[in-house]
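These notes are about the structure you will find just below.
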Amino acid sequence: MAKVSVSMQEMEERIARFDGLKPSKQAFVDTRIPEHVRDIYNVIGQGVTEDPDLKPAISAVEGFNITYVGAEPGKGAALHAHSTVEVFIPMSGRWAVFWGDEGENEVALDQFDVVSVPVGVMRGFRNIGDDHGYLMAILGGTDAGRVDWADSVLRRAQETGLSLDADGNVMAAAE
């Protein structure tokens, strides 16, 4: 097998240091809905972010995307689906992952537990711990596609002044 030589500079471009990550508080159309306020950190790849200004720390995407989510207790993502598998790993605290067309199923995850949600399944998550927590989300594929939101989420988001443009990017209502 051929060996690949990588310089220190090339490797530095492939390192995401947590203290250097810049989160978005409006990475998705649901983030103004009170129970879905959270910070999104794009670590590897653009993922499915609806904020075109949120750049990943590592832009080289080779088959998967990684995002960190930071949230206070009771906060998390609204019901949505993806065209790829999505894996959730609590890095701190306890998290609930819910799924089904109405979010009728739910499982609690402790730190470092792992759940893999199949393609097309409506899912969401929330911090069920007592403190601010972090969750890692891994999306399969080099191009993770776009988010498919439940209609009820899009209606509630519009009430907060957010919607999606024709390209699927979040936009605020004209003031």
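What follows is calculated from the coordinates using simple rules that are stated; it is not laboratory data. Computed from a prediction, not measured in an experiment: that's the story for all the values here. Neighbour counts run over all protein chains shown; Cβ positions are idealised from the backbone, glycine included.
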**Prompt:** Stretched out fully, how many nm does the piece from PHE112 to ALA2 gain, at 0.36 nm a residue minus the Cα gap?
**Reply:** 36.1 nm
**Prompt:** Non-local amide H neighbours of VAL43 (under 5 Å, H modeled in plane, Pro and chain starts lacking H): which ones?
**Reply:** ALA57, ILE66, THR67, TYR68
**For the chain, built as a Gaussian network whose Cα springs stay under 10 Å, the top-fluctuating residue of ASP148, ASP131, ASP53** = ASP53
**Size of charge dipole - segment 35-161 - debye, nearest 20, with Cβ of Lys, Arg +1 and Asp, Glu -1, no other charges** = 160
**Asked** So which GluC sites (Glu not before Pro) in segment 84-157 are both in a DSSP loop and have at most 13 other Cβ atoms within 10 Å of their Cβ?
**Response** GLU102, GLU104
**Request:** Mind pulling the per residue volume of the convex hull built on the Cα atoms of the chain? Å³ is fine.
**Result:** 137
**Item:** CD proxy at 222 nm, helix term only [per DSSP H run n ≥ 4: -39500 (n - 2.57); per residue of the chain; nearest 500]
**Value:** -2000 deg cm²/dmol
**Message:** Of the candidates ARG17, ARG123, ARG38, which one comes out as most mobile in a Gaussian network treatment of the chain with C-alpha springs shorter than 10 Å?
**Reply:** ARG17
**Asked** Can you sort LEU54, LEU135 by how many other beta carbons sit within 10 Å, fewest first?
**Response** LEU54, LEU135
**Message:** I need to check one value: relative contact order of the chain, counting alpha carbon pairs closer than 8 Å and at least 6 residues apart, in percent.
**Reply:** 25
**Item:** Karplus (6.51, -1.76, 1.60) ³J(HN,Hα), θ = phi - 60°, over segment 77-83, in Hz, Gly and Pro reported as x
**Value:** 8, 6, 4, 7, 9, 9, 8
**Request:** Give the peptides 25-32, 112-119 in descending order of average Cβ contacts within 10 Å, highest first.
**Result:** 25-32, 112-119
**Asked** What FRET efficiency comes out for the pair ASP165/ARG17, r = Cβ-Cβ distance, R0 = 30 Å, nearest 0.05?
**Response** 0.40
